[in-house]
Amino acid sequence: MNEKIFDDEIVQNKINEIIKKFPNDQPKSSIIESLLFLQEKNSGYVSESIMKQLSDYLKVELIDVMEVATFYSMINIKPVGKNVISVCNNVSCMLNGSDEIIRHIEKKLKIKVGTSTPDKRFYLKDEVECLAACTGAPMMQVNHVNYENLTKEKVDKILDKIK
């Protein structure tokens, strides 16, 4: 994506649509959705430059945008692989084997948590605290799609389907 993202009329129009969903005096309300859109436009992540441009466009402080970008696990602030894998590591998932699932994925893809495969096909996200599926523990998300009651065999089938 061009580093001057708001020179693109399509980007401006989409961000303006997002802004209109919220009260005029609450520009911070549009930060999350705007970041998700910009992330999609920018190969799966938002750089500090993009965050700065968004803060300027929304007329909010850069720290307001950065706080959102670094708090929410669905927003990536560095380049990642095409398919983002998040394994829940909260109590329910941990007690049901999420650590074993993470080790299995690392071995299968030959990567460590927080890295991408050399071909940039997969990215195994750093620890994710809670993905809100405790009754289906252990669970993971791949590109924001939930997969629950995981076993090594289920993980293999899921990842093998993603080519």
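The values are calculated or read from the model by the stated rules, or taken from the named source; none is laboratory data. None of the values given here were measured: they were computed from a predicted structure. All Cβ positions, glycine included, derive from the backbone under ideal geometry; neighbour counts span all protein chains shown. For accessibility, only protein heavy atoms count, side chains too; no ligands or nucleic acids. Shrake-Rupley method; radii C 1.70, N 1.55, O 1.52, S 1.80 Å.
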Counted residues, segment 41-55 - those being open to solvent by 50 Å² or more (accessible area, probe 1.4 Å) and either without any contact (Cβ under 8 Å) to a residue 40 or more places away in the chain or of a type in the set (S, T, N, Q) (or both): 4
Some residue of segment 23-40 being open to solvent by less than 20 Å² (accessible area, probe 1.4 Å) and either at positive phi or small (Gly, Ala, Ser) (or both): yes
Residue selected from segment 56-99 under the condition surrounded by 20 or more Cβ atoms within 10 Å (Cβ to Cβ) and hydroxyl-bearing (Ser, Thr, Tyr), by the criterion nearest to PRO138 (Cα to Cα): SER98
Filter pass, MET74 being modelled with pLDDT under 95 and farther than 30 Å from LYS28 by Cα: no
Any pair with Cβ under 9 angstrom, 6 or more apart, that starts in segment 56-69 at a residue that is under 16 Å from ASP25 (Cβ atoms) and ends at one that is assigned to a helix (DSSP H, G or I) and open to solvent by 50 Å² or more (accessible area, probe 1.4 Å): LEU58/ILE19; LEU58/LYS28; VAL60/LYS28; ASP64/LYS28
Test: residue in segment 117-137 that is touching an Asp or Glu at 6+ places or on another chain (Cβ under 9 Å) and buried (at least 20 other Cβ atoms within 10 Å of the Cβ): yes
Residues within segment 1-22 that are modelled with pLDDT of 95 or more and open to solvent by 80 Å² or more (accessible area, probe 1.4 Å), tallied: 3
Single unsatisfied condition, THR151 versus (1) touching a Cys at 6+ places or on another chain (Cβ under 9 Å); (2) over 25 Å from TYR45 (Cα atoms); (3) polar (S, T, N, Q): (1)
Any hit, segment 83-92, residues being polar (S, T, N, Q), part of a helix (DSSP H, G or I) and over 15 Å from LYS154 (Cα atoms): yes
